[in-house]
Amino acid sequence: MIIDNIKFPLDTFEKLINDISGCNLEEWINFWEKESEIISFVHDYYGNNFKNDWLWGVVLPILSDIYNLKNSSRERKVIGLSALPGTGKTTLGLLIEKLSLKIDIKVSVVSMDDFYLPSSEMHIAIKDNPWNVSRGFPGSHSICLMEEKILEWKNTGRFNHPVFDKSLRNGLGDRSSWNIDFPEILILEGWFLGVNQFSSNSISKEKITPPLYPQEIKYRSKIQYNLNNYLKIWKLIEKIWQIKPKEFSYMDLWKSDQENEMLKTKGNALVNNHLKNFLRMLSCSIPQESFNEINSQYLITLNKNRELISAGLNI
């Protein structure tokens with residue numbers, strides 16, 4: 001039985017499974033072991049590149065959640081996926097879209113990044129940021145457009161949204177097209193999805209090297225103000241799945257790997273000082289403790305190798 005190969009703690013994981021499906025862990029595992037087509041698809045499509053702990057600890061639980069949300073209400077629901085850059089949420093999203101069709105549910109996974117401001121407006125929104133980055137932090141998204149398109153989908157079933165291509169403008173990125181889809185469940189993902197204004201101004205616990213510069217502290221106050229505008233998006237989300245590293249610093253390695261891979265496949269990506277500045281922004285723009293205060297229902301914790309340390313309810 002697959003349960004013998006799961007290394008993360010099963011007691012907390014079973015509480016997650018019970019909350020989603022109403023089943024105990026053994027019943028739930030037996031159910032998915034019988035869905036051989038789904039298991040085979042993952043192994044055939046990704047081979048050994050997709051880890052077993054992700055399949056059983058993340059993918060199948062999210063599929064269970066999608067199934068139960070779809071069948072418990074006629075209302076169209078939004079699931080949030082909050083994970084730092086480089087975590088693997090893009091690969092996860094593509095897989096969820098494919099596998100959901102095998103349980104006869106149409107799911108669309110869209111990134112908050114797709115709602116970045118167009119380049120002409122972005123230039124104004126990011127003016128004078130101390131990291132000299134082209135996008136990324138709260139305040140660089142078309143929030144009203146995001147709200148409008150999600151509400152339109154909830155009311156009509158038609159989801160029309162922009163597509164942002166990070167490889168354009170030599171890795172600075174820009175809107176490339178628009179996409180129309182008709183999902184039954186929408187998954188919205190983003191690196192600071194669910195983050196609210198931080199309740200404390202203290203930065204003593206943050207492991208940032210070198211420490212924050214005065215201009216970074218000043219600009220961070222602007223970003224904290226910008227976060228208020230995202231509350232109307234968070235309110236549209238039924239529940240949040242959060243995937244986070246045990247140590248925030250793992251993100252630098254993961255994001256660097258991600259950009260190097262994009263450079264190989266697309267020919268453009270963040271490199272050298274552009275990448276260094278972007279990593280600094282990710283580490284400094286939002287207090288790191290904010291990610292421990294996200295109101296997520298389910299929490300997945302990863303080690304440096306992106307292996308699951310734990311999966312459970314965020315209590």
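Along the axis of the charge dipole computed for the chain (Cβ charges of +1 for Lys and Arg, -1 for Asp and Glu, origin at the Cα centre), the listed residues Ser36, Gly194, Thr90 are led at the positive end by Gly194.
Applied to segment 20-37, the Karplus parametrisation 6.51 cos²θ - 1.76 cosθ + 1.60 on θ = phi - 60° returns per-residue 3J(HN,Hα) values of 7, 10, x, 9, 7, 5, 5, 4, 5, 5, 4, 4, 6, 5, 7, 7, 4, 4 Hz, with x for Gly and Pro.
The phi-based Karplus calculation (6.51 cos²θ - 1.76 cosθ + 1.60; θ = phi - 60°) puts the 3J(HN,Hα) values of segment 119-136 at 3, 5, 7, 4, 4, 6, 5, 9, 3, 6, 5, x, 9, 6, 9, 9, 4, x Hz, whole numbers, x for Gly and Pro. Per residue, the convex hull spanned by the Cα atoms of segment 222-315 amounts to 138 cubic angstrom.
Distance between the C-alpha centres of segment 113-156 and segment 252-269: 22 Å, rounded to the whole angstrom. Only one of [x] 0.97; [y] 0.95; [z] 1.07 was calculated from the structure for Rg/Rh (Cα atoms, Kirkwood Rh), and its label is [y].
Selection among Leu236, Met112, Ser221 by position relative to the dipole of the chain gives Ser221 as farthest towards the positive end (Cβ unit charges, Cα centre). Our coupling estimate for segment 150-158, obtained by passing each phi through the Karplus curve with A = 6.51, B = -1.76, C = 1.60 and θ = phi - 60°, is 5, 5, 4, 5, 4, 8, 10, x, 9 Hz, Gly and Pro reported as x. Full extension of the segment from Asp19 to Asn196, taken as 0.36 nm per residue of separation minus the current Cα-Cα distance, would add 61.2 nm. Estimated from the Cβ-Cβ distance and a Förster radius of 41 angstrom, the FRET efficiency linking Lys246 and Thr156 is about 0.45.
How large is the dipole of the chain about the Cα centre if only Lys and Arg carry +1 and Asp and Glu carry -1, each at its Cβ, rounded to the nearest 20 debye?
Computed about the Cα centre, the dipole is about 980 debye.
So what's segment 1-145 giving for Cα Rg divided by 2.2 N^0.38 Å, two decimals?
1.28
Estimated from helical segments only, the mean residue ellipticity of the chain at 222 nm is -12500 deg cm²/dmol, where each DSSP H run of four or more residues counts as -39500 (n - 2.57). Of the residues Ser167, Ile180, Gly136, the one whose Cα sits farthest towards the positive end of the charge dipole of segment 129-225 is Gly136 (charges of +1 on Lys and Arg Cβ, -1 on Asp and Glu Cβ, taken about the Cα centre). Amide hydrogen proximity for Leu81: with H placed 1.01 Å from N in the peptide plane, the residues at 5 or more positions away or on another chain lying under 5 Å are Leu188, Glu189, Gly190, Trp241. FRET efficiency for the Asn179 to Asp44 pair, using the beta carbon distance and R₀ = 30 Å, is estimated at 0.65.
Taking the Cα centre of segment 212-266 as origin and assigning +1 to Lys and Arg Cβ atoms and -1 to Asp and Glu Cβ atoms, the resulting dipole is close to 320 debye. By other beta-carbon atoms within 10 Å, ranking Trp178, Trp191, Trp241 with the fewest at the front produces Trp178, Trp191, Trp241.
Each reported figure results from applying straightforward, stated rules to the coordinates on display, with no laboratory input. Values in this document were obtained by computation on a predicted structure and should not be read as measured data. In this analysis, Cβ positions are derived from the backbone assuming ideal geometry, glycine residues included, and neighbour counts consider all displayed protein chains.
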